[in-house]
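Peer 1: Take this structure first; my questions come after.
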């Protein structure tokens, strides 16, 4: 499985078994083409316990008819994936391209053919192990990328499963970390220096907006994102990392501010045990999506922070059992009091991920999500999921 398909790689890393190290590899003249990806789908049953109004809630509420139970068959946090990566070496430079497509299992249309595919990757790289590499194009964001790649629900569902017909679920997005998202970027990554590596890049700034939908057409400068990490091997192997993002946000003449966020995380494995811890802290970056609810109506910035802890253990059958807790907090801006803006989104996840074959994992998950507003309003939903994910 090519390491430039980041989410597929993460699935392989997180799997309880050894998934193939490459997809379908085809020599093609000067190029080597790797076709890789996954197919997954999950049956989800969600029960809503509390359903008060909470703006920015991750927990699901009742529908318009007051129904408090729902079910559906959805793609999980990781969309079904078909990726093409070509690599070659020319003039002492390693050159590659990656293009990927993400069809989904979720579709509420009567004919079953309204499923809108995603297009998350289209980038090129060039470089050499002696001086590093440059990436140009659309790929996973640099800030918070490691947070999602180390989330055990990447093989499963996490939050957001009650929204049948959606493209993907949320995993721990909004309940422990901000979504890294898929961004146009130009980034430089250093060579691997005995386990240490760093990346710095500029990103498309127009995705950043208070609504979280990327409707800010003009910004004063590019976004800047970066990270540094150190990995090691041995009986106790692991990785520590830190990343940041900074954006100059201009939505109106009165709303113009700098939004900044950083994170730090670590993951270690020892034998069959895996542990992950993660924390982020931001100013004006909001919650769930980078920029969503980042300021009030007058342009005053809101502070936010959160993180998650996760423990997994592989039992003798090869099944990986996991327990995770995550929370995302959003403060009110100066002068805001008692509104229904979300104060925190909180998640508990219990999961079992069983390798039926080298490529195929069966998954069972239970997710409890609680959302509370600053005025005391609450939402709570519980989801049980069963499904499968196959990598190739």
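Peer 1: Considering only residues that are within 20 Å of residue 358 (Cα to Cα), surrounded by fewer than 22 Cβ atoms within 10 Å (Cβ to Cβ) and touching a residue at least 40 places away in the same chain (Cβ under 8 Å), which ones fall in the stretch 294-326?
Peer 2: Matches in the stretch 294-326: 312, 313, 314, 315, 318, 319.
A quick yes/no check of all residues on (1) over 18 Å from the mean Cα position of the chain (by Cα); (2) crowded, with 17+ Cβ neighbours inside 10 Å; (3) at pLDDT below 95:
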| position | (1), (2), (3) |
| --- | --- |
| 209 | yes, yes, yes |
| 219 | yes, yes, yes |
| 233 | yes, no, no |
| 236 | yes, no, no |
| 251 | yes, yes, yes |
| 256 | yes, no, yes |
| 270 | yes, no, no |
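Peer 1: Could you check the stretch 47-94 and list, in sequence order, the residues that are more than 26 Å from residue 181 (Cα to Cα), in contact (Cβ under 8 Å) with a residue 40 or more places away in the chain, in contact with a strand residue (DSSP E or B) (Cβ under 7 Å, 6 or more places away or on another chain) and not in a loop (DSSP other than H, G, I, E, B)?
Peer 2: Scanning the stretch 47-94 gives 47, 48, 49, 50, 51, 70, 71, 88.
Peer 1: Answer yes if at least one residue in the stretch 352-374 is over 26 Å from residue 73 (Cβ atoms) and either touching a helix residue (DSSP H, G or I) at 6+ places or on another chain (Cβ under 8 Å) or surrounded by fewer than 17 Cβ atoms within 10 Å (Cβ to Cβ) (or both), and no otherwise.
Peer 2: no
The values are calculated or read from the model by the stated rules, or taken from the named source; none is laboratory data. Just so it is clear, the model here is predicted, and its values are computed rather than measured. Neighbour counts are summed over all protein chains in view; Cβ atoms, including those assigned to glycine, are modelled from backbone coordinates with ideal geometry.
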